[in-house]
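The values are calculated or read from the model by the stated rules, or taken from the named source; none is laboratory data. The shown structure was predicted, so the numbers you read here are calculated from the model rather than taken from an experiment. No Cβ is skipped: glycine too gets one built from the backbone with ideal geometry, and neighbour counts run over all protein chains shown. These accessible areas exclude ligands, DNA and RNA; they are computed on the full protein's heavy atoms, side chains included. Shrake-Rupley method; radii C 1.70, N 1.55, O 1.52, S 1.80 Å.
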Amino acid sequence: VQLQASGGGLVQAGGSLRLSCAASGRSFSSYAMGWFRQAPGLEREFVAAISWRSDSTYYADSVKGRFTISRDNAKNAVYLQMSSLKPEDTAVYYCAADNTRGVVNRDWRWYEYWGQGTLVTVSS
């Protein structure tokens with residue numbers, strides 16, 4: 001699976017952005033998908049994840065209620081709708097695919113495939 005993230009940019013605090021992740025490969029629909037982020041000098045952290053059937057979603061406490069993850073298997077795409085953005089949301093955001101059956105992991109080390117990252121900058 002190859003992943004291509006897009007949609008990042010500069011936004012003012014309180015604004016919104018929608019990140020997209022386009023996937024190639026016939027097995028996309030069988031993968032759980034996740035979004036992670038990494039700010040300068042900090043470790044990569046979990047943001048959100050969604051099961052292959054979209055019946056389970058998980059969020060980091062820091063984004064719960066502000067971010068929404070979704071996917072469209074027919075389009076081989078996963079999205080992250082981000083609202084009420086804060087300066088502390090500034091980071092490079094990565095989409096990732098995990099082929100672990102029956103589990104939606106929040107630990108980035110389980111994810112086998114990664115996009116190149118898209119930068120989100122939230123100004124105060």
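Hey, what's the range 1-86 come to in accessible area per residue, 1.4 Å probe, Å²?
Details: 4380 Å² over 86 residues.
I get 51 Å² per residue for this part.
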VAL104, VAL63, reordered so the largest accessible area comes first (probe 1.4 Å): VAL104, VAL63
Looking at GLY7, ALA49, SER29, which one has the Cα that reaches farthest to the positive end of the dipole of the range 1-88 (charges on Cβ: Lys, Arg +1; Asp, Glu -1)? SER29
What's the magnitude of the charge dipole for the chain around its Cα centre, counting Lys and Arg as +1 and Asp and Glu as -1 at the beta-carbon? Answer in Debye, nearest 20. 260
Defining a contact as two alpha carbons under 8 Å apart and six or more residues distant in sequence, what relative contact order in percent does the chain show? 36
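Beta carbons within 10 angstrom, averaged per residue: use that to sort the peptides 10-22, 87-99, 46-58, highest first.
On the way: 10-22: 15.8, 87-99: 20.3, 46-58: 17.8.
Packing order, densest peptide first, comes out as 87-99, 46-58, 10-22.
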Using alpha carbons only, how many angstrom separate the centre of the range 37-74 from the centre of the range 100-124? 7
Roughly to the nearest percent, how much of the accessible area of the chain is carbon and sulfur, given a 1.4 Å probe? 47
